[in-house]
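The values are calculated or read from the model by the stated rules, or taken from the named source; none is laboratory data. Model, not experiment: these values are computed from the prediction. Reconstructed Cβ throughout: ideal geometry from the backbone, glycine too, with neighbour counts over all protein chains shown. Quick note on the areas: whole protein, heavy atoms, side chains included, nothing else; ligands and nucleic acids left out. Shrake-Rupley method; radii C 1.70, N 1.55, O 1.52, S 1.80 Å.
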Amino acid sequence: MSNMAVLEGVLERITYANEENGYTVARVDTGRGAGDLLTVVGALLGAQVGESLRMEGRWGSHSQYGKQFTVENYTTVLPATIQGIRRYLGSGLIKGIGPVMADRITTHFGVDTLDVIEQEPKRLVEVPGLGPKRTKMIAAAWEEQKAIKEVMVFLQGVGVSTSIAVRIYKKYEDASISVVKNQPYRLAADVWGIGFLTADRIAQAVGIPHDSPERVKAGLQHALSQSSDQGHCYLPEERLIADGVKLLQVDTGLVIECLAELAADPEGVVREKVPSPEGGEPITAVYLVPFHRAELSLAGQVRRLLRTGEDRMPAFQDVDWDKALAWLATRTGASLAPEQEEAVRLALSRKVAVLTGGPGCGKSFTVRSIVELARAKRAKVVLAAPTGRAAKRLAELTGAEASTVHRLLELRPGGDAAYDRDRPLDADLVVVDEASMLDLLLANKLVKAVAPGAHLLLVGDVDQLPSVGAGEVLSDLLAEGGPVPAVRLTRIFRQAQQSGVVTNAHRINAGQPPLTEGLSDFFLFVEDETEDAGKLAVDVAARRVPAKFGLDPRRDVQVLAPMHRGPAGAGHLNGLLQQAITPGRPDLPEKRFGGRVFRVGDKVTQIRNNYDKGENGVFNGTVGVVTGLDVDEQKLTVRTDEDEEIGYDFDELDELAHAYAMTIHRSQGSEYPAVVIPVTTSAWMMLQRNLLYTAVTRARKLVVLVGSRKAIGQAVRTVSAGRRCTALDFRLRGGSGEDFV
């Protein structure tokens, strides 16, 4: 330890910060004059621009950046000079104080400024332009900052990042340190952004034993939660035990014991016999409680809707269909193909029906026809889709109002819906488009809210990727031998046959390579090197496509990548696209958060469900544009696709990601005039037919593939491996765990 050194300086700027582990690269002013800034690296958790730091660490040298100081630990020293205090307060540390106000306050109170804020905050009203309301806000923000600092100091030794420390404080306030010390595994369940691994690291640091039953149970629940993120509603017991042993590095016997304890706890897990997804002998499935409840409930509700004697559209039970369809043709100007007619009859005469099919097969026209006929008989029709964009498209198509499923059900904080079995929707016909996106939990909430006797029509393309959330509801509803009637449209209409996008979508779905020569709306730019393909995709999306087709690169062009990581992944491409489309300007404010920079004009997406924001919550996948950024108020404003203005405090920016590029999974349910798809061999494990098919079907007018023919061939050939673990189709047929007893 003899070569440990001490460095004091003011933190001038953070050039990089890893939100996961707190590793930071920053520049500090050591006060030696000449404006020289020194690079420091290390876990500078919680350090804010403008703070005076006393850092312990070691001197070293970097081949590219020269001399630098590696920080082992640091303490904050409040600045003592007027200049330091002004810089500290103006850094955005305290909500309500920006550079201008910091200047006024320090001019008035001088070196006593921080003592006044700490001990006599009411005196702040002496400062011109500071009223009682703002004074109160500054005093509260100062107190919160102090309390967060205390929590951060405690968490610093555990390697928890700033944003997570802030969230822990917001969740538990004064109880933060007590919870972290005594119940660290609670954090994984209660605080968004803390997974089991972070909670486990904290638990280890506070001395919880490696083989503690509490740790093992938390680990098993984490393994189930992870599997639900991969789309599974349950895990086979043997697989869960094996995953638990691997994750926790403990004996199999201990894992089996703890799993039995969890199964005995009503809020723990549920074990039940279900058919094996691969066929053969039944297996023991282990569910997290909410997924088990939702699966039982959804199957029960669908069966109840199908069985009920009530009918809110009785006129269609004995209608003269020839007459009705002839009237419809005069209204729409076109007659229906036989399979479309079948879909219309099903939707209007059966209580639950599914309509599926690929692009260009007339799904939209069929839906419009169903809505026209239902309205002609004075039926109350309600239209919904999982995303804002899909809802807008449905409204344009039918000429009726459509909303997102979340808004329709009026979801509330905690995820409860205003409409459910006790208070159903006042609708005779509920039509839900893009139903392949419905996960188990949302589908259950939706079906619960359909009144007995009302008709439910689910419309979607079952060949697309399944939902981001757990389950594959549309596929399970279409399973052979199930009770739900369905029509699959297969005929591609002549008009659609002229579209390269539609033709190639069907070719890909049939396992044939797309045609990339001689089409006016489907192109391939060959580039075998992954990094070069990424750069080329950016050039195509930001410059070439907008110039050639007159499209807006922010609004009309979407880059869709198979993966998030890597040189051609959505994460890296977002940075390059932001530089090309919304570059930094000296006169525009911006906010650096972790490794990202937010600017007015940025295209962004919400990456978690937040029921507390907006009118009815803001949901994972919602896209918008940053319309305001207030450094003084520490607030960023986003206008979403649903034309709602949503405010984000700066410490909530980890809920947002840039959306110039996004993964194909995240693009489900959205449609864009043009899509650019980098397809490279570096995404080899992800390249599957339904992934490429989903990406191509997101485009209304134009597709540009960028990458290698080899990677495209791999995607077209590879059929998605294995089904998700779900037992919904079994339950829809009336099955239960007792069938195997």
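Here is how the numbers come out for the structure above:
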read-out	value
Accessible surface, the chain, averaged per residue in Å² (probe 1.4 Å)	44 Å²
Computed over the stretch 636-727, Cα set: Rg, Dmax in Å	16.5, 46
Estimated [θ] at 222 nm from DSSP helical runs (n ≥ 4, -39500 (n - 2.57)) normalised by residues in the chain, nearest 500	-11000 deg cm²/dmol
21 Å Cα-Cα reach of residue 535 towards lysines, excluding residues that sit fewer than 8 places from it in its own chain	548, 603, 710
All aspartates and glutamates inside 18 Å of residue 181 as judged from Cα atoms, apart from same-chain residues fewer than 8 positions distant	150, 173, 190, 200, 211, 214
Residue-count net charge about residue 529 - beta-carbon cut-off 14 Å; Lys, Arg +1, Asp, Glu -1	-1
Shape of the chain, Cα gyration tensor, a/c cut at 1.5	prolate
Carbon plus sulfur fraction of accessible area for the chain, probe 1.4 Å, in percent	48 percent
Within straight-line cross-link reach of residue 122, lysines at Cα separation under 29 Å, skipping those fewer than 8 residues along the same chain	95, 133, 136, 146, 149, 170, 171, 635
Karplus 3J(HN,Hα) series, Hz, for the stretch 182-192 with 6.51 cos²θ - 1.76 cosθ + 1.60 (x for Gly, Pro)	9, 9, x, 6, 4, 4, 4, 7, 8, 10, 5
Listed peptides 727-735, 80-88 by packing density, highest first (mean Cβ within 10 Å)	727-735, 80-88
Counted charge near residue 113, where neighbours are those whose Cβ lies closer than 15 Å (Asp, Glu -1; Lys, Arg +1)	-2
Extension reserve of the residue 331-residue 396 stretch, reckoned as 0.36 nm per residue once the Cα distance is removed	21.7 nm
Computed accessible area, residue 59, all protein chains, 1.4 angstrom probe, square angstrom	100 Å²
For the stretch 434-556, fraction of C-alpha pairs farther apart than 24 Å, in %	53 percent
Residue 229 accessible area, 1.4 Å probe, all protein chains in place, Å² to nearest 10	110 Å²
Nonlocal amide H pairs with residue 467, under 5 Å, H built at 1.01 Å	473
Principal axis box of the stretch 621-689, alpha-carbon based, largest edge first, Å	47, 24, 15
³J(HN,Hα) computed for each position of the stretch 595-611 - Karplus, 6.51 cos²θ - 1.76 cosθ + 1.60, integer Hz, glycine/proline x	x, 10, 10, 9, 9, 4, x, 5, 8, 10, 9, 6, 10, 8, 6, 10, 6
Kirkwood-Stokes translational diffusion coefficient of the stretch 128-230, alpha-carbon pairs, 4 °C, 1.567 mPa s, µm²/s	86 µm²/s
With Cα atoms, 0 to 90° folded angle of helix 237-248 axis to the chain main axis	10 degrees
Net +/- balance of residues flanking residue 314 in space, Cβ distance below 11 Å, scoring K and R +1, D and E -1	-2
Residue 448 accessible area, 1.4 Å probe, all protein chains in place, Å² to nearest 10	70 Å²
The stretch 227-266-the stretch 160-220 distance, computed between alpha-carbon centres (Å)	20 Å
